[in-house]
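Single-structure report; data block below.
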Amino acid sequence: MFGPDYTAGCATCSTIADGFDGFAVHLANHDVTLSAVSRAPLAKLQAYKRRMGWTFPWASSLSSDFNFDFNVSFSEEQQREGGIEYNYERAGHAMDAAELPEIVVQNAAMAGTDVATYTRERPGMSAFVLEDGVVYHTYSTYARGLDGLWGMYQWLDRAPKGRNETGLYETGPWWRRHDEYDKR
């Protein structure tokens, strides 16, 4: 997630993206292309990509309805009216609540934006196939469905204490962008 009004990419999504370069080459050699899409302007995405040292393809959907079509971006009007459909449900998500979990507030601050703006962008993953000149949408997942893409959690889930996050969210997310751990 990197909304047009963010000053940095979402720290949570950045930890997921940290694993992309490692397996993108394997996917490419199986005729699969991984590409990230965010609504921030391309120049902002490219600068952040350089900062993070990533090489995977990253496109801007700023001038299109792409993110809106897949229910991962929402207008201020949808947000005000409660007309958000995300993860195959209409409203009722943690990020729709009047009183948001502290971790959402802190994630917004880490992305350099206000909470309302931050919560209009949501994470998602979709797959497409091109056959005979026609693009087909074959799969989408959102929210907790993205856990499988979060490489560090696959390792932590197998560690002796697992994710060991009890009480950690009271002080905010324990993870950082990989270039910010020394700034704690």
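The values are calculated or read from the model by the stated rules, or taken from the named source; none is laboratory data. Treat the numbers as computed from the prediction; the structure is a model and nothing was measured. Here Cβ is always computed from backbone atoms with ideal geometry, including for glycine, and neighbour counts include all displayed protein chains. Calculation scope for accessible area: heavy atoms of the full protein, side chains included, ligands and nucleic acids excluded. Shrake-Rupley method; radii C 1.70, N 1.55, O 1.52, S 1.80 Å.
The figures follow:
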{"item": "For the stretch 1-127, average projected area of the Cα convex hull in nm²", "result": "7.9 nm²"}
{"item": "Low-density loop cleavage sites - GluC sites (Glu not before Pro) in the stretch 25-108, where at most 14 other Cβ are within 10 Å (DSSP)", "result": "GLU99"}
{"item": "Per residue value of the accessible surface for the chain (all protein chains in place, 1.4 Å probe), Å²", "result": "59 Å²"}
{"item": "Within the chain: Cβ-based charge dipole about Cα centre, in debye rounded to nearest 20 (Lys, Arg +1; Asp, Glu -1)", "result": "680 debye"}
{"item": "Alpha-carbon spread of the stretch 45-184, three principal axes, descending order, Å", "result": "48, 37, 31"}
{"item": "In Hz, Karplus ³J(HN,Hα) per residue of the stretch 50-59 (6.51, -1.76, 1.60; θ = phi - 60°; x = Gly, Pro)", "result": "4, 4, 7, x, 8, 10, 5, x, 9, 10"}
{"item": "Candidate aspartates and glutamates for bridging to LYS49, where Cα separation is under 14 Å - those fewer than 8 sequence places away on the same chain excluded", "result": "ASP18, ASP21, ASP179"}
{"item": "Electrostatic dipole magnitude of the stretch 89-184 [Cβ: Lys, Arg +1; Asp, Glu -1; Cα centre; debye, to 20]", "result": "280 debye"}
{"item": "Most mobile listed residue (ARG144, ARG39, ARG120) in the chain, GNM with C-alpha springs under 10 Å", "result": "ARG144"}
{"item": "Calculated [θ] (222 nm, deg cm²/dmol) that DSSP helices of n ≥ 4 give over the chain, each run adding -39,500 (n - 2.57)", "result": "-7500 deg cm²/dmol"}
{"item": "Cross-link partners of LYS44 among aspartates and glutamates (Cα-Cα below 14 Å; sequence separation of 8 or more within a chain)", "result": "ASP5"}
{"item": "Check: the stretch 1-97 dipole with +1 on Lys, Arg Cβ and -1 on Asp, Glu Cβ, in debye", "result": "500 debye"}
{"item": "Within a Gaussian network of the chain (alpha carbon springs, distance under 10 Å), most fluctuating of GLY19, GLY151, GLY162", "result": "GLY162"}
